[in-house]
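Here is the structure we will look at, set down as structure tokens.
The values are calculated or read from the model by the stated rules, or taken from the named source; none is laboratory data. Bear in mind that the values here come from a model prediction, so they are computed numbers and not experimental data. No Cβ is skipped: glycine too gets one built from the backbone with ideal geometry, and neighbour counts run over all protein chains shown. To get the accessible areas, we keep the full protein, side chains included, count just its heavy atoms, and leave off ligands, DNA and RNA. Shrake-Rupley method; radii C 1.70, N 1.55, O 1.52, S 1.80 Å.
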Amino acid sequence: MSARLTRRRAVLGACGLAVAGIAGFRARAAARGLVARSRAGLAFGTTISLTAAGPDPDVLEAALTEGVAAMRAVEHEASLFRPDSALSRLNREGRLDAPPKHLATMLAFALTLAETTGGAFDPTVQPLWPLWSRAAEGGGRPDLQAVRHCLARVGWRRVNLSPEAVVLEPGTEVTLNAVVQGYAADVVMDALRARGVADAFVDTGEFGAAGTHADGSPWRLGLADPRRKGEVAAVIAPFTGFAATSGDYNMAFSADFRDHHIFDPATGFSPRGLASVTVTAPTGLLADGLSTACMVLGRERGRALVAGHPGCAVRVTEKA
Amino acid sequence: MRVSGVRRTGWMAMLVAILVVARLCGSASAGELDRAGIARHFPPPLVVGEKDDTLPVWPILKQQAGSYEVFAYAFESVDFAPIPGFGGTPPDLLIALAPDGTFRDVTVLSHKEPVFLEGLGSEPLFAFVEQYVCLSARQPIRVGRPNARGSGASPQSTVDGIAMATASTRTINQSILASALAVARGKLGFGAANVGLSVEAKPNLFEPLTLDALQARGLVTRLTLTRAQVTKAFRGTGVEEAGEGAPEDVVSDLTVALLDVPTIGRNLLGPARFEALMRELGPGNHAVMVLNAGPADAAENPLGETFVLGAVPERLTVSQGGLVVNARDMAVERRGAGLNRGLPAGDWTILRIDAAAGFDPSAPFTVTEKIVRERGQILSEKIARDFSVETKLPADLFLRVAAQEGPDWTESWRARVPTLVGLGAMLALLVPVLARQKGLVADARRFPAFRLAFLAVTVGFVGYTAQAQLSIVTLMGLVRAALRTHDFAFLLYDPPSLVLWAFVLVSLVLWGRGTFCGWLCPFGAMQELVAWLARPLRLRQLTVPPRLDRALRKVKYVVLAGLLAATALNSPAADAMAEVEPFKTAITLSFLRSWPFVAYAVGLLALNLFVYKGFCRYLCPLGAALAVAGRLRILDWIPRRAECGTPCQLCKVRCRYGAIAQDGRIDYHECFQCMDCVTIIHDPGQCVPQVVARRHAKRIVPRPVVAVR
């Protein structure tokens, strides 16, 4: 479960790989009467980018502006980077009346997934984060006693969600970092679709794609090699729908990737089995949640979980 | 001065009008660039990202294999640090800060600095800000004197100043640093906290230890790489295998030691070489030794053929907290002879880390060796892998010196010592001359010569050399500081002016405004010298009708009130209004300014051929301010006689300032202390009552009388 993200790129070579040359691309796109527009920026502690293709550049620009705004709205509700976000307020005060839409959706999903996975996925691991990051800054690991002590504050049943309010038991803190980027991809894609954009590629840290490039070639998604920085291990092409990757190499606390930002809520330590998991799914929220759950569950139980969700597929890389 | 009720209403109306104008002109500073504007400064292949929604910062991104990485954060200084410039309007700079805190770009978007706009042109300013590119915001940067870098100031923490533009460059520097630190705090995770921190090894803490013991304690660290390790790191790149040999062969074996810690350096170098090194290093700086005991001819050797003596090594970096620290080879004792017994043979370097680099030796630091391999024959591609070793020295080896409060105003005081001495000498000469009224002042022949000479020095030395023309702008700055910035430190950066202000305040309380206005104001002196030319030119001074004269005298108070009101309201019009003072044109910029300003200043000077010191008497807001403050004056020190006024009107008629009332009393608010009347009163041949008394063989004594209130 990603407690807080300052991610390096999980996935590389996203949308540009198929394009042989800009000029050729433009010519083919023009032949189809389409143009492409894109935006880039920073959100969720990483770089994001949106690309949309269509016949009218003004429509595209307007759609992209709305896409960015939609993503910012998600950030405002569920970012732990922002002390003023609804989620930060919930963690500070233990209670949030009239939870806003995005937060409520993500939290409901997270709690359901927690139940489905028997607590392997858990949105309440947040208290483990400062413990581990402080220990890692000193070059060590937290002591067992401290981890145990911290685990007493972890447990998804300690969150009570109703349409009126979210109430946390004392000491409980929620993170939605495991699902927020995937969910943001959904929200952005919806915003683009609402403007009639049929061809789009969304990178919010997790990925979503619809249609094709402006020149008609399929979107391709390169999956990063978890052990060789900057190398592409596999390519999904054509890529449509949503994909999310969880790995031990982003935000690793130790050089051997043993300790990282995903915690097993049962032990308070990072799960041992997998180096990275990529899940493709009909929504970003599902893809993101499942990928994190698979990291904790391991190869076999992870596959079984994903198999229970129609339209989803999983690729795993085991630790060497 | 008395103001009638009717007139007061007029004043109020004028004030209100000024306030309205000020409100209309005033607007909060805000950045001016939109996305397209930013994109013009960061053209493709750079991409301007979505503007941050919490801070007015634009991420500038660089596309990297399908995704983006942050190239820099671009922002306008005025959004974070609207520090008023010389004229009161904050300069606006476009700054791009790299994620590691390095300035990628600094550009002037707009500024109202008169010294550049009207005098030097903007080119020197553009060149000035370019100096910041590649400097790091993680350390304090000072504006040195012109050519400071060339004469030995640290190029990482000093930029060359511009002569005549000290105040403006200081504002620009503060704008750049303050806004960069604000953005760094918000975006990069560092702020002002560590700036100026100095951590030095305790000089007397020494324990004799062998290299093995030092390594065992972690004081000296080692990075040993075998061929197998390097091969593994390059796996999948197509250049795994390089060179021949067994996988377990050591290809690189680095020993890392922070030499300025005596227990490390003295043990490794021996006492003599250690002392020599410390002398060369200088206090506050650090020296990291890296020795490679691996095969010297291996391609992996970072100190091999590619190593350039005295340079920042390409394949060795020292970093701390994820940031590379500038570490340069010292090029000392390079020929393998420098190290003490017990150290393995091999190439070595001693890297110097400047005190200003913000390096904290008591915190963990990392030495990274970069191994580079080339793929392909013709269009070869470089593939690099990094190997690092961290050194973490015990904190009790070091003294943490409290952050230096970078008091860069002390430098301006030190640099101006000769000027201050000259100024002090002038004042030390002037005061007794004015105080001893039967001395030089009474000498009708020599005193005018003294006065002319003194005024010439005031123009040349106080004005042009010391640049100590006091100005209403300082008072406006005080108002701004009092109401808004609460930072009065700006006064400290101009020592000659501050000294002169101090003197003026004292003389104001004792003698009135005239000491400054008549003797120490360079523009005033310049006017008097021009007026002196009237006689040889056979020009006759016009006599302003008394009623008009009285009315005109009040204009300066209106000007003063308007200026202070505009300043208090933070109106940008204040700066334009301050141009009523020609001092900047005449003295600061020595008439190197656009023609309307020059015409105005020259016109005011020429006016003296007809109307004596018209500017001083009618317009000068500084004079008005001093006259108002001069009401605190405690001495009525200009001597008078009972006969002054009734019946004698000689002094009144001769007073070129109209500062003697009909009844003979001195109007100290208008008196410039030219001493003409004092000379007269002590001259038995001129002073009418004395002439009369001598005729009657009587002795009369002059005495001060109550002044005009």
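Translational diffusion coefficient, Stokes-Einstein: compute it for the stretch A:92-168 using the Kirkwood radius over C-alpha pairs as Rh, at 37 °C and 0.692 mPa s, and state it as an integer in µm² s⁻¹. Please report the intermediate quantities before stating the final value.
Working: Rh = 13.8 Å.
The Stokes-Einstein estimate is 238 µm²/s.
With a Förster radius of 22 Å, plug the Cβ-Cβ distance of residue B:372 and residue B:248 into 1/(1 + (r/R0)^6) and report the FRET value to the nearest 0.05. Let's see the in-between values first.
Working: r = 23 Å, r/R0 = 1.03.
For R0 = 22 Å, the calculated efficiency reads 0.45.
Could you work out the relative contact order of chain A, using alpha carbon pairs under 8 angstrom and six or more residues apart, expressed as a whole percent?
Numbers: 732 pairs, mean separation 71.6, N = 320.
Averaging sequence separation for qualifying contacts and normalising by length gives 22 percent for chain A.
Quick one: net charge around residue A:77, please, counting Lys, Arg +1 and Asp, Glu -1 for every other residue with C-beta under 11 Å from its C-beta. The partial results should precede the final answer.
On the way: positive: A:72, A:82, A:89, A:101; negative: A:75, A:84.
Computed value for this residue: +2.
With springs connecting C-alpha atoms under 10 Å apart, model chain A as a Gaussian network and identify which of A:67, A:196, A:94 has the largest mean-square fluctuation.
In this elastic network of chain A, the residue with the biggest mean-square fluctuation among A:67, A:196, A:94 is A:196.
Along the charge dipole of the stretch B:31-194, pointing to its positive end and built from +1/-1 on Cβ of Lys, Arg, Asp and Glu, which listed residue (B:147, B:133, B:117) has its Cα farthest out?
Projecting each Cα onto the dipole axis, the largest value belongs to B:147.
Mean separation of Cα pairs under 8 Å and 6+ residues apart, divided by the residue count of chain B: what relative contact order is that in percent? Could the numbers behind the result be given before it?
Numbers: 1193 pairs, mean separation 74.0, N = 709.
So the answer I get is 10 percent.
Is there a pair in B:112/B:556; B:556/B:584; B:202/B:392; A:229/B:232; B:556/B:613; B:554/B:613 whose C-alpha atoms are over 20 Å apart, and which pairs would that be?
Working: B:112/B:556 25 Å; B:556/B:584 18 Å; B:202/B:392 16 Å; A:229/B:232 13 Å; B:556/B:613 13 Å; B:554/B:613 15 Å.
Violating the 20 Å Cα-Cα cut-off are B:112/B:556.
What number comes out for the charge environment of residue B:77, summing +1 per Lys or Arg and -1 per Asp or Glu over other residues with Cβ under 12 Å away?
Details: positive: none; negative: B:32, B:76, B:79, B:92.
That works out to -4.
Nearest 20 debye, what's the magnitude of the dipole of chain A about its Cα centre given +1 on Lys and Arg Cβ and -1 on Asp and Glu Cβ?
Roughly 620 debye for chain A.
Would you please give the FRET efficiency between residue A:35 and residue A:95, computed as 1/(1 + (r/R0)^6) with r the Cβ-Cβ distance and R0 = 45 Å, to the nearest 0.05? Present the calculation step by step, with values, prior to reporting the outcome.
Values: r = 49 Å, r/R0 = 1.08.
Computed FRET efficiency for residue A:35 and residue A:95 comes out at 0.40.
With only alpha-carbon pairs counted, each pair once and no self-pairs, how large is the Kirkwood hydrodynamic radius of chain A in angstroms?
Every distinct Cα pair counted, the radius reaches 19.9 Å.
To make sure I understand the rule: partners must be aspartates and glutamates, Cα under 18 Å from the Cα of residue B:187, and not fewer than 8 residues away in the same chain. Which ones qualify?
In chain and number order, the partners are A:75, A:84, B:50, B:52, B:53, B:69, B:76, B:79, B:100, B:105.
Which number do you get for Rg(Cα) / (2.2 N^0.38 Å) in the stretch B:238-283? Before the final figure, lay out the partial values.
Details: Rg = 17.9 Å, N = 46, 2.2 N^0.38 = 9.4 Å.
Relative to the 2.2 N^0.38 Å estimate, the stretch B:238-283 comes out at 1.89.
Give the Rg (one decimal place) followed by the Dmax (whole number) of the stretch B:556-684, computed from C-alpha coordinates and expressed in Å.
17.9, 56
On a 0 to 90° scale, report how tilted helix B:495-510 is relative to the longest principal axis of chain B, with both axes built from alpha carbons and the result rounded to the nearest 10.
30
Treating the angle as unsigned and between 0 and 90°, give the value, to the nearest 10°, between the Cα long axis of helix B:5-25 and the longest Cα principal axis of chain B.
Tilt of helix B:5-25: around 20 degrees.
If you place +1 on the Cβ of every Lys and Arg, -1 on the Cβ of every Asp and Glu, and leave all else neutral, what size is the dipole of the stretch A:92-168 about its Cα centre, to the nearest 20 Debye? Working shown, then result.
Working: 9 positive and 7 negative charges, 29 e Å.
For the stretch A:92-168, the charge dipole is close to 140 debye.
Taking θ as phi - 60°, what are the ³J(HN,Hα) couplings along the stretch A:114-125 by the Karplus curve (6.51, -1.76, 1.60), each to the nearest whole Hz, with x for Gly and Pro?
4, 5, 4, 8, x, x, 5, 9, 8, x, 9, 7
If you project the alpha carbons of the stretch B:199-401 onto the principal axes, what extent comes out on each, in Å, largest first?
55, 33, 28
Starting at the first residue of the stretch B:249-258, write each ³J(HN,Hα) from the Karplus equation 6.51 cos²θ - 1.76 cosθ + 1.60 with θ = phi - 60°, in whole Hz, x for Gly and Pro.
4, 7, 9, 7, 9, 8, 10, 10, 9, 8
Quick one: if you stick a label point 7 Å off each Cα along the C-beta vector at residue A:73 and residue B:628, how many nm between them?
Using points 7 Å along Cα→Cβ, the separation is 5.6 nm.
Give the A-B buried accessible area in Å², both sides summed, 1.4 Å probe, nearest 100.
On the way: alone 13100 and 33340 Å², together 44900 Å².
That pair hides around 1500 Å² of surface in total.
In Å and whole numbers, how far do the C-alpha atoms of chain B stretch along each principal axis, longest first?
124, 59, 43
Considering only A:73, A:43, A:255, give the residue with the highest GNM mean-square fluctuation for chain A, with springs between Cα atoms whenever their separation is below 10 Å.
Judging by the Gaussian network model, the answer is A:255.
In terms of Cα to Cα distance under 23 Å, which lysines are near enough to residue B:438, apart from those fewer than 8 places away along the same chain?
B:652, B:698
Tell me, what are the semi-axes, in whole angstrom and largest first, of the equivalent ellipsoid of the protein assembly as shown as set by the roots of 5 times the Cα gyration tensor eigenvalues?
Values: eigenvalues 1052, 280, 131 Å².
Here the semi-axes work out to 73, 37, 26 Å.
Can you give the Kirkwood hydrodynamic radius of the stretch B:92-156 from its Cα pairs, in Å with one decimal? Mind dumping the intermediate values first?
Details: mean 1/r = 0.0771 Å⁻¹.
Hydrodynamic radius (Kirkwood, Cα pairs) of the stretch B:92-156 is 13.0 Å.
So for the stretch B:512-592, what percent of the C-alpha to C-alpha distances run longer than 21 Å? Don't jump to the answer; show the numbers that get you there.
Numbers: 1663 of 3240 pairs.
I get 51 percent for the Cα pairs in the stretch B:512-592 exceeding 21 Å.
Just report the Cα centroid separation between the stretch B:628-681 and the stretch A:225-297, whole Å.
Result: 92 Å between the Cα centres.
Where only protein heavy atoms count, and the probe is 1.4 Å, what is the accessible area per residue for chain A in Å²?
Numbers: 12330 Å² over 320 residues.
Here the per-residue accessible area is 39 Å².
Which percent of Cα pairs goes in each bin when the distances of the stretch B:31-194 are cut into 5 angstrom slices starting at zero?
That works out to 2, 9, 18, 21, 20, 15, 9, 4, 1, 0, 0, in percent per bin.
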